[in-house]
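Any read-out appearing in this document is the output of simple, stated calculations on the displayed coordinates, not a laboratory observation. In this text the structure is predicted, and so the values were computed from the model without any measurement. As a convention, Cβ positions derive from the backbone with ideal geometry for all residues, glycine included, and neighbour counts pool all protein chains shown.
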Amino acid sequence: MTNKEILLRLFEVLKPYKFKLIIAIFAMIFVAAFTGAQAYLVKDLLDKIFMEKNTNYLKAMPLVVLGVFFLKGVFYYVYSMLLEMVGQSVIRDFRTAIFNHIHKQSLSFFNDMPTGTLISRVISDVSLLQQAVSNALVKCVRDFFQVVILLGVVFFMNWRLAMITFIVLPLAAYPIVKFGRLFRKLSTATQEEVANVTNTLHETITGNRIVKAFTKEKYEGERFKKQVFGLFSLTMKDARYRCLQHPMMECIGGFAIALIIWFGGLEVINGTATPGTFFAFLTALIAAYEPIKGVTRINSTIQQGLAAAARVFSLLDVEPEIQDKKGASALKPFESSIEFRGLNYQYNDEAVVLKDINLTIPAGQALAIVGPSGGGKTTLTNLIPRFLDVKKGAILIDGTDIRDVTVESLRTQIAMVTQQTILFNDTIRNNIAYSDQNASAERINEAAKAAHILEFIEGLPQGFDTIIGEGGARLSGGQRQRISIARAILKDAPILILDEATSALDTESERAVQKALENLMKNRTTFVIAHRLSTIKNADRIVVVKAGRIVEEGTHNSLIALGGEYETLYNMQYK
Ligand SMILES: Nc1ncnc2c1ncn2[C@@H]1O[C@H](COP(=O)(O)OP(=O)(O)OP(=O)(O)O)[C@@H](O)[C@H]1O
Ligand SMILES: [Mg+2]
């Protein structure tokens, strides 16, 4: 992305705040004008009071000085508050936009984007961007006016001397441009490293049990140290240029002052300029140079902000792989059947994971999917709620291709218990009632009861209000699974997907939960994946998925009679 494109898009983002920005710009112009006036006052101070000893001026001058400083302060307050407000609003807007955008993405997006990278986009890139917007860009605008006004004063007072600025300005511009490119490059590298650091933090903190179990604290510590040291050396490189810029600019400024003392001094000695003009001129020039120096100080911030903006925009430009077609209608309440038609799926460009799946499940049926690990069972069920989209073939619900209806209407008709239990760090109540935050206590109770977790919850000192820790860390594996079953039960959707939903339960609770699930399955269409064949013996139909294909299909009895893959699996478990 070029700077121009980035700036255009930033302006787009700033549009809602244009009114505030315009007021801020006017306030900045006033501040700049009063700064110009301050310089101009020096001339009268010297010429009228010190040289002419004019008492009227003596009386008026302190009041004028007070007035100028006060008004400058007022306008300063106005613009800096407005800009702070706009900057913080931009942060807020960006963060919510990125959050919503991320959650529109399909599963494959998250497979490619590590959590830490996404977190650093939302937190650190957006802050960098804000600093650039509210400090840097703004300083540029204000300083631009200040420089223009002060240079106006300079030229008005003595245009010959003012020509010196034409020598100094290009000299000053050179390091700004040159270093700008370096800052930009460094910022990109720095943010990549920040993302790495965030990733390591995230993984090792959430995975701390494994780090401990394998006593890898030292190893992880070294890995983290390497990243932090990498970050350090990048930051130091940036600092080296940043710190070098200031003395360089000072020297260029000193050079300008030397020239002015020489030529200005000559003019005063020759009588073509008054001492007042000379000092006012010098004051104005020093004041004008200050913001130019300031640009170099914020140059690094600007470049970092632009690089961050480029990253944020490119994230926002990732089209969600799965989204509603134009004019997609809502899926009607599920009635008759779900059909997989000539379905194929592959992740990225890798080997085909599902091949030619043809299957029709009438409403109300319970379909069990069994087969060896890695066969494609989870992938198959992830296609139904469109977490992934089929690559070839189609899934039809009541004859309608699921890609033709809105994603939301499709997903509201599906309740799911995923293979990896995912719970939020919230109360048990809110976890169970995730599909409907307004669910009555009675419904929550019933769902918990059906999932055989009610007794446990009631035994807790805080009952349903117990906070379960990150990912349900304060619960046992089986308790977590039962809460996620209760959550699916409460959703009360016509299509139910259970991916190893009872794998963490002991035989007794599994049998009990199984019973509850059987009740639940009665008027629902269910996909049950299980390795323990006892859980699926009673399914209406069983398919065996192996290496992405359906290799056998039938009821428990017919498959045993067939004496194939299923029988082998069954014998292994029960003989
Ligand atoms: N995000 C992914 N990217 C690339 N390949 C993947 C991805 N997820 C799964 N796979 C591959 O797809 C194949 C099928 O995986 P899937 O999770 O559907 O198997 P499964 O039948 O559910 O296995 P299990 O019984 O172990 O849960 C596997 O070979 C796996 O390596
Ligand atoms: Mg699986």
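Listed by chain and number, the lysines whose C-alpha is less than 21 Å from the C-alpha of Lys216, apart from same-chain residues fewer than 8 away, are Lys225, Lys226. Looking at the P(r) of the chain, how many percent of alpha-carbon pairs lie beyond 38 Å? Percentage above 38 Å: 53. For the stretch 30-127, the calculated P(r), taken from all Cα-Cα distances in 5 Å bins from zero up to the bin holding the longest distance, is 2, 11, 13, 12, 8, 7, 6, 6, 6, 6, 6, 5, 4, 3, 2, 1, 0 percent. Please give the residues of the stretch 399-443, grouped as numeric ranges, whose backbone N is less than 19 Å from a label point set 7 Å along the Cα-to-Cβ vector of Ile210. Flagged as within label range: 419-423.
Each Cα pair of the stretch 182-302 feeds into the Kirkwood radius, which the Stokes-Einstein equation turns, at 25 °C and 0.890 mPa s, into a diffusion coefficient of 131 µm²/s.
If one computes the Cα centroid of the stretch 238-297 and of the stretch 49-86, what distance in Å separates the two points? With the stretch 238-297 and the stretch 49-86 each reduced to a Cα centre, they are spaced 23 Å. Over all alpha-carbon pairs in the stretch 63-172, figure out the percentage whose distance exceeds 17 Å. Of the Cα pairs, 71 percent sit more than 17 Å apart.
Take the Cα of Ser373, step 7 Å toward its Cβ, do the same at Ile560, and the gap between the two points is 2.7 nm.
Helices in the chain, meaning DSSP H runs of at least 4 residues, each add -39500 (n - 2.57). Divided by all residues, the mean residue ellipticity at 222 nm is -20500 deg cm²/dmol. Maximal additional length on extending the Phe26-Leu244 stretch stands at 75.1 nm, based on 0.36 nm per residue less the C-alpha distance. Taking every full run of DSSP H in the chain, the ones that stretch at least 24 Å from end to end by Cα along their long axis and average 1.6 or higher on the Kyte-Doolittle scale are 138-157. Our estimate of slack between Ser329 and Tyr347, defined as 0.36 nm per intervening residue step minus the Cα-Cα distance, is 3.7 nm.
Between Glu446 and Glu518, the simple spin-label model (points 7 angstrom out along Cα→Cβ) gives 2.1 nm.
Of the cross-linked pairs Lys332/Lys522; Lys392/Lys522; Lys391/Lys546; Lys332/Lys449; Lys332/Lys491; Lys326/Lys546, those separated by over 25 Å at the C-alpha level are Lys392/Lys522; Lys332/Lys449; Lys326/Lys546. Among 551-563, 353-365, the peptide with the highest mean count of other Cβ atoms within 10 Å heads the list, and the full ranking is 353-365, 551-563.
With the simple model of a label 7 Å out from the Cα in the direction of the Cβ, Leu460 to Ala258 spans 7.5 nm. Going by Cα centres, the stretch 501-575 and the stretch 94-156 are how many Å apart? Using only Cα atoms to place each centre, the spacing works out to 54 Å. Between Thr2 and Phe424, the contour length at 0.36 nm per residue exceeds the alpha carbon distance by 147.9 nm. Computed over the stretch 337-574, the Cα gyration tensor eigenvalues convert (square root of 5λ each) into semi-axes of 30, 21, 16 Å, ordered from largest to smallest. Panel note: the C-alpha atoms of the stretch 3-316, placed on their principal axes, show extents of 87, 39, 33 Å (largest first).
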